Structure formats: C-alpha cells, structure tokens
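Take a look at the structure below.
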Amino acid sequence: MDLTPLRTATPDEAAAFFADADAEALVAAVTGTPDEELLELIGRDGIRPVAIEGILARLHEYAVPERLAALHGTVRIDLERRGKLLESHVLRFAGGTIELTRADPVDVVLRTSILRFVRLVSGERNAGLEYLSGKLDIEGDATLALAVGGIFRVPGSDVVAVDPTALDPVDVATVLEDAPREHLEKVMASGFRPVVLGEIFRRLPEYVDQHRARGVELAVAFRLLGNPSGEVERYVVRVSDGVATVTEGEEGEERDATVTCQAHDYLRLATGHLNPLTGVLKGQLKVKGDRTKALRLSSVIDIPQPR
C-alpha cells in the first residue's frame, strides 16, 4: 500500500483514504515509512485531524479481540507538537467496542506526540517504555492507559504486537538514561509501579555475571518506599555460587544486609543509573547489616548499559 497520495490530498480525500484502506495494509505501510516522511504525510494541519480521526475510527480493526473486550473506561488522547497541544480525542471502551465521544470527565489522559501516537497504535512502540522514558505522559488510571497500549496486534494475526507489561531490563536501562528523575518518581507512584518492580526483580537472575559470582554467597533484602498506599514492598535477592534467586517478602529469610530506598532509586540502581556507593553516601540508599555484601550485589548482577 502506498501512502504518498496523502502528500497532496485534500481533507476530504484523506478522510476517504483512511476510511477505504485495508487495515492490515495500512499498518504495514505505516511501519514501513520513515519517521520524517510519515510526519510529512500526516502531520500537516489540514490533514492531521482527519488522519487521526480515521485511525481512531478503525482502531478496533487493529486490536486483539480478547484484549479489547477486557477494556472498560474512557480515555482522552492529547496530541502535541513541541509541548504545544494540537488536538484531543476521547475514546470510550466497553464490551469490545470503541466509541469516539466527547465524554467528560475521563478515566485517564494520555499525552504524546503525533508520531509516537501513530507508532504506538501500529504496534511499533512499547507504551510501558514510552511512559518510563517520559515520552508518553499519563494522568489518571495508568493501568487502563497501558492496557490500551497492549491491544494492538501483529498484522495478519491475533498475536499481540507489544505487551507494555513485558519489560526487558536492558530496554528499561536504555530508556532511563534520559528520563527526568521527577518523571520517574511520578511513574513509580502510579499503577504501573508493581508491573515495573515485578518485571525487574523477576528477570534479575538472567543478568548474573557468572565469573564475578563464582563462589559468592550473599542475601540482600530490599525495602522499597514511596508506594501511595503506604505499603513497603519487600524482596530478597540471594546469590549462591553463580546462581541468583529472588523472593518476594522477607519473613523467615536470613540476610546479610537490608537496603531501604525509594522505588525510583531502586530502579535507577538496578539498571546502573545510580552508583551504589554514591547512593549510600547521599542517603538515597540506607544499608543495615553488611555493607560490603550489599555493594557486592551490584557487581555480580549486571544489566547491560546502553552504548
């Protein structure tokens, strides 16, 4: 499918283009078009509102039916350019249907750029990573917002293109490189918090440095603060002769040290964006017990850093 007719299309012609295009061919054409060219085609002021309306009106065709059926709520999408709001669209999800509406109030507001929005709905970007990076801002029900980001399918199948709750720690380390600290604090106070923590802790054992961990025996507990509910999340990371295990909670666990910190600081620590010694000296990490073993944990579990 060729998107170039949009280059000279009138608003009426663009509306007809999006209404008549085969959904799967349209997604394939979008994914095959470079960013700069895609913005040139759909970013023009006269075409943009029509293009976005056309995409939203057919959103159900790009979705995995079972995931779409599980969505209930009202979502407002704010599209911006260089921080300036261009337009807003409201979608109501209910029982497998999507309705364009003007309902107010809404359950959640998503704010992002035109290009990122199109890349998200075409299944090319992970909404969870976009949220962590600060490129997607969410106000309200983050769980609903990210569920919306997880309904899109691979063209020609019912397979989910991107699951926002499946976070690769290396990808997380990459997007956190430029994420503002204040934004990360906001994310870790949202409904996305348990997803991020759960995925990072679950996958930590995959990143044990076998050479450095050989012969090492240690157990370090983490107490994570900052949950809006007031709950303190607890995990224990144990390394035994090259193998790491993670358990949730601390009851009955013997440990060499306990690290207490804010969840956003733990996330930066685990992904290499907070030096453990610096964190201790600045009071971001409070260590009770054997500090040497607490610090050693960061040397035997190594999530690769972005180059």
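The values are calculated or read from the model by the stated rules, or taken from the named source; none is laboratory data. Not measured: the values here are computed from a predicted model. Positions of Cβ are generated from backbone atoms using ideal geometry, with glycine treated the same way; all protein chains shown enter the neighbour counts.
Within the range 62-78, the set of residues being modelled with pLDDT of 90 or more and either closer than 20 Å to residue 29 by Cβ or outside the structural domain of residue 162 (by TED's automatic domain parsing) (or both) comprises 63 only. Within the range 32-45, the presence of at least one residue that is of a type in the set (Asp, Glu), at pLDDT below 95 and not in a helix (DSSP H, G or I) is confirmed. Only residues that are in contact with a strand residue (DSSP E or B) (Cβ under 6 Å, 6 or more places away or on another chain) and surrounded by fewer than 19 Cβ atoms within 10 Å (Cβ to Cβ) were counted across the range 114-140, and they come to 2. A Cβ distance below 7 Å, combined with a sequence gap of six or more or placement on separate chains, defines the contacts here; from the range 151-171, residues that are outside any helix (DSSP H, G or I) and at pLDDT below 90 reach residues that are aliphatic (A, V, I, L, M) and crowded, with 18+ Cβ neighbours inside 10 Å in the pairs 153/63; 153/64; 153/160; 153/161; 154/161; 155/27; 158/64. The test for being outside any strand (DSSP E or B) and in contact with a Pro (Cβ under 8 Å, 6 or more places away or on another chain) does not hold for residue 53. Could you please find all residues in the range 203-216 being assigned to a helix (DSSP H, G or I) and either touching a strand residue (DSSP E or B) at 6+ places or on another chain (Cβ under 7 Å) or within 16 Å of residue 176 (Cα to Cα) (or both)? 204, 205, 207, 213, listed by residue number. Each residue in the range 49-68 was checked for being in contact with a strand residue (DSSP E or B) (Cβ under 7 Å, 6 or more places away or on another chain), closer than 19 Å to residue 12 by Cα and in contact (Cβ under 8 Å) with a residue 40 or more places away in the chain, and 3 pass. Do we have any residue at all in the range 114-130 that's part of a strand (DSSP E or B) and either of a type in the set (A, V, I, L, M, F, W, C) or touching a residue at least 12 places away in the same chain (Cβ under 8 Å) (or both)? No, every residue in the range 114-130 fails to be part of a strand (DSSP E or B) and either of a type in the set (A, V, I, L, M, F, W, C) or touching a residue at least 12 places away in the same chain (Cβ under 8 Å) (or both).
Considering every residue within the range 69-82, establish whether at least one is loosely packed, with under 14 Cβ neighbours inside 10 Å, within 30 Å of residue 8 (Cα to Cα) and touching an Asp or Glu at 6+ places or on another chain (Cβ under 7 Å). No, the range 69-82 has no match at all.
Here the range 83-103 is the region considered, the condition is being within 22 Å of the chain's Cα centre (by Cα) and either β-branched (Val, Ile, Thr) or in a loop (DSSP other than H, G, I, E, B) (or both), and the residue that is surrounded by the fewest Cβ atoms within 10 Å (Cβ to Cβ) is 83.
Exactly one residue out of 207, 266, 235 is within 17 Å of residue 295 (Cα to Cα), in contact with a Pro (Cβ under 7 Å, 6 or more places away or on another chain) and either small (Gly, Ala, Ser) or surrounded by 15 or more Cβ atoms within 10 Å (Cβ to Cβ) (or both), and it is 207. Under the condition of being within 23 Å of the chain's Cα centre (by Cα) and acidic (Asp, Glu), the residues counted in the range 25-52 number 1.
Using the structure shown, decide if residue 206 is in the same structural domain as residue 273 (by TED's automatic domain parsing) and not polar (S, T, N, Q). Here the answer is yes, as residue 206 does meet what is asked.
Strands (runs of 3 or more DSSP E) fully within the range 220-264 that include at least 3 residues being in contact with a Gly (Cβ under 8 Å, 6 or more places away or on another chain) and not basic (Lys, Arg): 257-262. Screening residue 268 on (1) assigned to a helix (DSSP H, G or I); (2) without any contact (Cβ under 8 Å) to a residue 24 or more places away in the chain shows it passes everything except condition (2).
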